[in-house]
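Structure first, commentary second.
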Amino acid sequence: MSRIGKLPVNLPAGVTVEVSADNVVSVKGPLGTLSQKVDSDIKVEVGTHTDVHTGKEVPAVLVTRPTNQPRHRSLHGLYRALINNMVVGVTEGYQKVLEVNGVGYRASKSGNKLTLNLGYSHPVEMIDPEGVETVLEGQNKITVKGIDKEKVGQYAAEIRDKRRPEPYKGKGIKYADEVIRRKVGKTGKK
């Protein structure tokens, strides 16, 4: 059995999960509501399970699969992980931190428009997608926040793609926890 798929998704207080007849899972929490269409072969049910640490019955979402076929096995773990990400998203939310490095490189924000000066002849303007928010700390730190993990990661990647970090001086936009593999530049003739 899938080691990820068989784990129950514990529901914190204030989170409700509903499974509709056409297998759409909706998770509602303090930060908002998310929904995900689940494959018709995978069974999702809201129930309770005994917590290992406390020994008490806690509300949880259980994901089960009909057979051991490779397709069902992969979907089992996938949908359990997606449901868990939705539960974490509506309770805590997700964020990615980006750093802008380089002389003259900076970011500014007005309304929901992010403006990046990255050494091009023109400033690069990006509008925050729905459900995602960018927050600036100074002129070189961008925090992308939201409840949907996929949207937060996608928008952070799009911002980073405007000027990826280069290996010689490390100029560009990088994730805060990213390590850039540096290269040694040319040496002059002797």
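The values are calculated or read from the model by the stated rules, or taken from the named source; none is laboratory data. Please read all numbers here as calculations on a predicted model, not as lab measurements. Cβ coordinates were reconstructed from backbone atoms using ideal geometry, including for glycine residues, and neighbour counts include every protein chain displayed. Just the protein is used for accessible areas: all its heavy atoms, side chains included, with ligands, DNA and RNA removed. Shrake-Rupley method; radii C 1.70, N 1.55, O 1.52, S 1.80 Å.
Look at Val144 and say whether it is closer than 30 Å to Val44 by Cα, at pLDDT 95 or above, within 19 Å of the chain's Cα centre (by Cα) and not polar (S, T, N, Q). Answer is no for this residue. Of all residue pairs spaced 6 or more apart or on separate chains, those with beta-carbon atoms under 9 Å, a first member in the range 7-30 that is under 16 Å from Ile42 (Cα atoms) and a second member that is modelled with pLDDT under 90 and among the aliphatic types (A, V, I, L, M) are Pro8/Val58. Restricting attention to the range 21-44, the residues that are at negative phi, open to solvent by less than 50 Å² (accessible area, probe 1.4 Å) and either part of a loop (DSSP other than H, G, I, E, B) or in contact with a Gly (Cβ under 7 Å, 6 or more places away or on another chain) (or both) add up to 5.
Considering the range 170-188, the residues that are surrounded by 11 or more Cβ atoms within 10 Å (Cβ to Cβ) and among the β-branched types (Val, Ile, Thr) include one that is farthest from Thr143 (Cα to Cα), namely Ile180. Summed over the range 1-11, the residues that are outside any strand (DSSP E or B), closer than 17 Å to Val38 by Cβ and of a type outside the set (Lys, Arg) give a count of 6. Inside the range 56-113, residues that are more than 30 Å from Lys169 (Cβ to Cβ), in a loop (DSSP other than H, G, I, E, B) and at pLDDT 90 or above make up a count of 9. Please state which one of Glu125, Glu133 is in a strand (DSSP E or B), surrounded by 14 or more Cβ atoms within 10 Å (Cβ to Cβ) and in contact with a Lys or Arg (Cβ under 8 Å, 6 or more places away or on another chain). After applying the criteria, what remains is Glu133. Using the structure shown, decide if Arg164 is open to solvent by 30 Å² or more (accessible area, probe 1.4 Å), part of a helix (DSSP H, G or I), of a type in the set (D, E, K, R) and closer than 23 Å to Ser108 by Cα. Criteria not met by Arg164. Against the test of being surrounded by fewer than 16 Cβ atoms within 10 Å (Cβ to Cβ) and either in a loop (DSSP other than H, G, I, E, B) or aliphatic (A, V, I, L, M) (or both), the options Gly47, Gly14 yield a single qualifying residue, Gly14.
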